[in-house]
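Peer 1: Handing you this structure, nothing more for now.
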Amino acid sequence: HGWTPVFYSVDEADRARLDSLGWQRLQVAEEALIDPVTWMPTGKKRQDVRTATNRADREGVTSQWTRWSALTFLERSQIRDISEAWVADKSIPEMGFTLGSTEQIDDPAVRLLLARDAHERIVAFTSWIPVHRDGQVVGYALDVMRRRDEAMNGVMEFLIGRAVEQLRADGMTFLSLSGSPLARHTSGDEHDRSSLDRGLDALGALLEPAYGFRSLANFKKKFQPVFSPLWM
């Protein structure tokens, strides 16, 4: 058919393998990585995470690590309501690519981390997809984040902090906050970048008001992750 195959969301290890085979590459996102074994919510730069956790304690907000299959009909309805309200607030449809959607959350391999208010109502949720190494699950990657408008400020910081604690307790060694599309913290020498690279930066700026890619990347900075490029 004359088609050209494309791999996307390729990490550094696979990029090197494809480079050796002559594949062309373009950075399309930046992944935020956390080591759950060593990460702690200490230091000035992680103050927002500590503040969110303390506020959750005061307001009776709790977390639950679960799966879709374990939820009741009412709980599933609450999650759907949160997601539908979030989508309805957007002027353009959800983008896939490096971002997930709620279509995958009923997969048995996907874990959910819920935030419940003092009345046990679900006010926010995150979904996590497994990351494998040598046939074993070594950690999870954040896929979807959704919250009610009236959820407490900092509820996502609270949930991600809880996710780190959960993975540490489970003996996991890898946690990814996933890729922020068309956003990068280090772009290298401007003279070494192609016109397509610069064009993607311009596209990212154009789409920012609608999708908030760079706002998402800045949110992830609160956790002081290690940033690693993702390639197409």
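Peer 1: Search the structure for amide H atoms under 5 Å from the amide H of ASP143, placed 1.01 Å from N in the peptide plane, and list their residues when 5 or more places away or on another chain.
Peer 2: Residues meeting the amide H criterion: SER127, TRP128, ILE129.
Peer 1: Something else: Which length gain, in nm to one decimal place, applies between THR38 and LYS221 when the Cα-Cα distance is subtracted from 0.36 nm times their residue separation?
Peer 2: Gain in length upon complete extension: 64.2 nm.
Peer 1: Related question: I'd like the Karplus ³J(HN,Hα) series for the stretch 17-23: coefficients 6.51, -1.76, 1.60, θ = phi - 60°, whole numbers in Hz, and an x wherever there's a Gly or Pro.
Peer 2: Calculated HN-Hα couplings, in order: 5, 6, 4, 5, 9, x, 6 Hz.
Peer 1: Continuing with the same structure: Between GLN47 and ALA118, what's the calculated FRET efficiency when r is the beta-carbon distance and R0 is 22 Å? Round to 0.05.
Peer 2: 0.35
Peer 1: In addition: Using θ = phi - 60° and the Karplus form 6.51 cos²θ - 1.76 cosθ + 1.60, what ³J(HN,Hα) does each residue of the stretch 123-133 get, whole Hz, x for Gly and Pro?
Peer 2: Each residue of the stretch 123-133 in turn: 10, 6, 8, 10, 10, 9, 9, x, 10, 9, 9 Hz.
Peer 1: Under a 1.4 angstrom probe, counting protein chains only, how are TRP68, TRP3, TRP86 ranked by accessible area, largest first?
Peer 2: These residues rank, largest area first, as TRP3, TRP86, TRP68.
Peer 1: With a 1.4 Å probe and all protein chains in place, put HIS1, HIS132 in order of accessible area, largest first.
Peer 2: On the way: HIS1 195, HIS132 115 Å².
The ordering from most to least exposed comes out as HIS1, HIS132.
Peer 1: Something else: For ALA29, what residues show an amide H to amide H distance below 5 Å, using hydrogens built from the backbone and excluding near sequence neighbours?
Peer 2: Distant-sequence amide H within range of ALA29: LEU182, LEU230.
Peer 1: How much length is gained if the chain between THR72 and ALA13 is pulled fully straight, taking 0.36 nm per residue apart and subtracting their Cα-Cα distance, in nm to one decimal?
Peer 2: Numbers: separation 59, 0.36 × 59 = 21.24 nm, distance 4.07 nm.
Full extension of this stretch gives 17.2 nm more.
Peer 1: Figure the gain on full extension for ARG25 and ALA109 (residue separation times 0.36 nm, minus the Cα-Cα span) and round it to one decimal in nm. List each step's numbers first, then the result.
Peer 2: On the way: separation 84, 0.36 × 84 = 30.24 nm, distance 3.04 nm.
Result: 27.2 nm gained on full extension.
Peer 1: At a 10 angstrom cut-off on C-beta neighbours, averaged per residue, how do the peptides 10-18, 217-225 rank from highest to lowest?
Peer 2: Packing order, densest peptide first, comes out as 217-225, 10-18.
Peer 1: Per residue of the stretch 164-172, in order, report the coupling 6.51 cos²θ - 1.76 cosθ + 1.60 (Karplus, θ = phi - 60°) as ³J(HN,Hα) in whole Hz, putting x for Gly and Pro.
Peer 2: 4, 4, 5, 5, 4, 5, 7, x, 7
The values are calculated or read from the model by the stated rules, or taken from the named source; none is laboratory data. Since we're looking at a predicted model, the values are computed, not measured. Here Cβ is always computed from backbone atoms with ideal geometry, including for glycine, and neighbour counts include all displayed protein chains. Side chains included, ligands, DNA and RNA excluded: accessible areas come from the protein's heavy atoms. Shrake-Rupley method; radii C 1.70, N 1.55, O 1.52, S 1.80 Å.
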